[in-house]
Amino acid sequence: MSPQKNTFPILCLYSGLLLSGCNQSQPEINQHDICEVKGWQKDVTAAECKPGQKVVFLPDRWGNEQLPILFAAVNCDHRFSIALTNGGVSCIYTPLTPDPAGKK
């Protein structure tokens with residue numbers, strides 16, 4: 001047999017092993033309830049929302065276009081779509097998890 005024919009099963013095995021790391025557990029998505037918050041901070045959202053729930057960020061004040069992106073960075077699950085405007089955000093909520101190694 002040629003070397004190329006022998007490597008195909010091995011490549012398939014390695015590809016399967018590498019892709020299995022992508023199959024992380026997904027949160028159960030709640031499409032029925034919407035959690036609304038006014039503050040962008042993770043503690044504000046954690047007090048009001050459950051992981052996997054749709055969350056909408058509607059700040060009381062306008063003018064700081066960085067607030068929606070800050071909210072998305074600390075509260076949204078980036079594996080799913082994020083609707084973002086300069087006035088608000090809608091996404092699937094996921095809490096931040098601390099880095100176990102303490103790296104910054």
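Of the residues making up region 69-96, those that are over 15 Å from the mean Cα position of the chain (by Cα) and either closer than 16 Å to residue 39 by Cβ or crowded, with 19+ Cβ neighbours inside 10 Å (or both) number 2. Across region 30-43, which residue is farthest from the chain's Cα centre (by Cα) among those that are within 9 Å of residue 75 (Cβ to Cβ) and of a type in the set (A, V, I, L, M, F, W, C)? The qualifying residue farthest from the chain's Cα centre (by Cα) is 37. The residue that is modelled with the highest pLDDT, counting only those in region 32-58 that are over 19 Å from residue 84 (Cβ atoms) and in a strand (DSSP E or B), is 33.
Regarding region 36-47, can at least one residue be identified that is touching a residue at least 40 places away in the same chain (Cβ under 8 Å), among the small types (Gly, Ala, Ser) and surrounded by 11 or more Cβ atoms within 10 Å (Cβ to Cβ)?
Yes: region 36-47 contains one or more residues that are touching a residue at least 40 places away in the same chain (Cβ under 8 Å), among the small types (Gly, Ala, Ser) and surrounded by 11 or more Cβ atoms within 10 Å (Cβ to Cβ).
The values are calculated or read from the model by the stated rules, or taken from the named source; none is laboratory data. Just so we're clear, the structure is a prediction, and the values are computed from it rather than from any experiment. FYI the Cβ positions are ideal-geometry reconstructions off the backbone, even for glycines, and counts take in every protein chain you see.
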